[in-house]
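Below: the structure, in structure tokens.
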């Protein structure tokens, strides 16, 4: 009875597939769900994927955790990515902070290598950024 193929094979109905997360990102998500915290190096590495997962799967505590990290670590090296994730997750506070940082540093940011990629990926955010920086005289 225990030797039958039915007992050996794992039932397919118990499998959950999460295609939008890589293995390490999923491990970090599960670690956060079990412990309520995450090592800094894991958070730094997976914050964008975790933010998207928290938004998609409605995990408000993780979304807030990622938001706090991103708000405290915004810099010229991650401002475009932070704005993108804020827009994707509809996080208005983070979006405003990213816009303000980019507008304040607009000359440097538009000459950075990341700007061209940002323009192609997010034309709607580029229009908003240019409007804030140059048209509205926010600078």
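Nothing in this text is a laboratory measurement; each read-out follows from the coordinates by a stated rule. Bear in mind the structure is a predicted one, so any value in this text is a computation, not a measurement. In this analysis, Cβ positions are derived from the backbone assuming ideal geometry, glycine residues included, and neighbour counts consider all displayed protein chains.
Summary table below
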{"item": "Degrees separating the helix 40-56 axis from the principal Cα axis of the chain, which is the longest one", "result": "80"}
{"item": "The stretch 15-135, relative contact order in percent, only Cα pairs under 8 angstrom and at least six apart counted", "result": "17"}
{"item": "0 to 90° range, to nearest 10: angle between helix 23-35 axis and the chain longest Cα axis", "result": "80"}
{"item": "Helix 79-88 vs. the chain, principal-axis angle (Cα, 0 to 90°, nearest 10)", "result": "60"}
{"item": "GNM result for the chain, Cα springs below 10 Å: residue of 66, 122, 89 fluctuating most strongly", "result": "122"}
{"item": "Selected from 108, 69, 80 as most flexible by GNM, with the chain as the system and alpha-carbon contacts under 10 Å", "result": "108"}
{"item": "Ascending count of other beta-carbon atoms within 10 Å, so fewest first, for 125, 26", "result": "26, 125"}
{"item": "Order of 58, 16, 106, 85 under a 10 Å beta carbon neighbour criterion, fewest first", "result": "16, 58, 106, 85"}
{"item": "Cα-based convex hull volume of the chain per residue, rounded to whole Å³", "result": "143"}
{"item": "Cα-based equivalent ellipsoid, the stretch 52-127: semi-axes from gyration tensor eigenvalues, Å", "result": "22, 13, 9"}
{"item": "Sites residue 75 and residue 24 - FRET efficiency at Förster radius 22 Å, r taken between beta-carbons, to 0.05", "result": "0.40"}
{"item": "Alpha-carbon centroid distance for the pair the stretch 78-107 / the stretch 29-67, whole angstrom", "result": "19"}
